[in-house]
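What follows draws every value from the coordinates through simple rules; no lab data is involved. Small disclaimer: the values here were computed from a predicted structure and weren't measured. Here Cβ is always computed from backbone atoms with ideal geometry, including for glycine, and neighbour counts include all displayed protein chains.
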Amino acid sequence: MIKGGKQESNTINAFLGKNTKFEGTLIFDGLVRIDGEFEGEVKSSDTFVVAETGKVKANVEAGVVKISGFFDGNIIAKNKVELYKPAIVKGTIKTPSLIIEDGVTFNGSCEMGKDINNIEKKLEESKK
């Protein structure tokens, strides 16, 4: 369960517990939940969750990203990003759908649209 009362419909495939630290690249299918500290890269077409006690510094590419802990980095989400209080998020978010609960701190930038890949291509073309 993540802050905000939303029950996960998927089973957790991997779990990084509180008081645990990991650095590296995380590639997965299914749902991964971080309650400890993680630094590196995340690649998945599924769900990445940063729980209230989680501290993540990473570049994330995932289908769905849900954060209620600390996050510093870049997020590219193919489906949506959900930020729940007391989350503190710094960085860039690119997603077609963004939900920010009252009480979340978000410092950074956000790009939204139905097809985020087309948005990135259009931005590159406009710079030329």
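Quick notes
- Kirkwood estimate for region 12-127, i.e. one over the average of 1/r between Cα atoms, Å: 14.0 Å
- Distance between the 7 Å Cα→Cβ label points at residue 13 and residue 79: 1.2 nm.
- Charge sum, other residues only, whose C-beta stays under 14 Å from residue 57's C-beta, Lys/Arg counted +1 and Asp/Glu -1: -2
- Distance from the Cα centroid of region 26-65 to that of region 89-105 is 15 Å (rounded to whole angstrom).
- Each label was represented as a point 7 Å from its Cα along the Cα-to-Cβ direction; for residue 107 and residue 21 these points are 2.3 nm apart.
- Packing-based ranking, highest mean first, of 66-74, 37-45, 95-103, 11-19 given that Cβ atoms within 10 Å are counted: 66-74, 37-45, 95-103, 11-19
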